[in-house]
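Peer 1: Below: one structure in structure tokens.
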Amino acid sequence: MANQSAEHHRLVKEVLLGIGSDPRIRIWQNNTGVGRSLYTEDVIRFGLEGSPDIVGIHRGTGKFCGIEIKTGKAKQSKEQCAFQRMVQEFNGHYLVCRSVAEAKEWLDRIS
């Protein structure tokens with residue numbers, strides 16, 4: 001996993017706050033990454049590689065929602081692109097998001 005910036009973390013939180021209280025959707029942060037055990041130094045992976053930063057369910061359609069946060073010139077990894085294709089092939093909702101305004105417009109479009 002690439003090193004995520006403070007700007008990325010800030011935007012994740014802003015999107016969660018910006019649309020998280022909207023009654024049309026239920027969303028939560030989806031952490032993924034790699035760490036080491038404090039006791040054995042084993043590598044521990046968590047989360048599903050390629051899955052979006054925010055996941056949830058759309059109330060009106062009952063469909064899976066995924067929001068991948070990107071800042072600056074960052075682009076999706078091949079794993080993230082594959083996850084997006086899978087969600088869309090199963091008629092889920094997916095957004096590559098660079099602002100709270102974009103998330104709000106997306107929610108309006110899918111509702």
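The values are calculated or read from the model by the stated rules, or taken from the named source; none is laboratory data. Because the structure is a prediction, the values reported are computed rather than measured. In this analysis, Cβ positions are derived from the backbone assuming ideal geometry, glycine residues included, and neighbour counts consider all displayed protein chains. For accessibility, only protein heavy atoms count, side chains too; no ligands or nucleic acids. Shrake-Rupley method; radii C 1.70, N 1.55, O 1.52, S 1.80 Å.
Peer 1: Straight-line reach from LYS104: which lysines have a Cα under 25 Å away, not including same-chain ones fewer than 8 places off?
Peer 2: In chain and number order, the partners are LYS13, LYS63, LYS70, LYS73, LYS75.
Peer 1: Apply the Karplus parameterisation 6.51 cos²θ - 1.76 cosθ + 1.60, with θ equal to phi minus 60°, to every residue of the stretch 97-111 and state each ³J(HN,Hα) to the nearest whole Hz, in sequence, with x for glycine and proline.
Peer 2: Result, rounded to whole Hz: 10, 10, 6, 5, 4, 4, 5, 5, 5, 4, 4, 4, 5, 8, 8.
Peer 1: About its Cα centre, how strong a charge dipole does the stretch 1-106 have in debye, to the nearest 20, once Lys and Arg get +1 and Asp and Glu get -1 at the Cβ?
Peer 2: Using only the charged Cβ atoms, the result is roughly 220 debye.
Peer 1: Tell me, rounded to the nearest percent, the portion of alpha carbon pairs in the chain spaced more than 26 Å apart.
Peer 2: Counting pairs separated by more than 26 Å, the tail of P(r) holds 19 percent.
Peer 1: Name the chymotrypsin sites (Phe, Trp or Tyr not before Pro) in the stretch 51-111 that are in a loop by DSSP and that have at most 15 other C-beta atoms within 10 Å, would you?
Peer 2: Passing sites in the stretch 51-111 are PHE90.
Peer 1: Enumerate the amide H contacts of ILE25 below 5 Å, restricted to partners 5 or more residues apart or on another chain; note that Pro and chain-start residues carry no placed amide H.
Peer 2: ARG59
Peer 1: Can you pull the one-decimal nm distance between simple spin-label points at TRP28 and HIS9, each 7 Å off the Cα toward Cβ?
Peer 2: Those two pseudo-labels are separated by 2.1 nm.
Peer 1: Relative contact order of the chain: what whole-number percent is it, with Cα pairs under 8 angstrom and at least 6 residues apart?
Peer 2: 25 percent
Peer 1: Specify which residue in the list VAL100, GLN29, THR40 is farthest towards the positive end of the charge dipole of the chain, using unit charges on the beta carbon of Lys, Arg (+1) and Asp, Glu (-1), about the Cα centre.
Peer 2: In the chain, that residue is VAL100.
Peer 1: Provide the solvent-accessible area of ASP22, counting protein heavy atoms only and rolling a 1.4 Å probe, rounded to the nearest 10 Å².
Peer 2: Probe radius 1.4 Å; accessible area of ASP22 about 40 Å².
Peer 1: Could you sort LYS63, LYS70 by accessible area so the largest value comes first, with the probe set to 1.4 Å? If you can, show how the numbers build up before the last one.
Peer 2: Numbers: LYS63 75, LYS70 20 Å².
Largest accessible area first, the list is LYS63, LYS70.
Peer 1: Please give the helix 78-89 orientation as an angle from the longest Cα principal axis of the chain, in degrees from 0 to 90, rounded to the nearest 10.
Peer 2: 30 degrees
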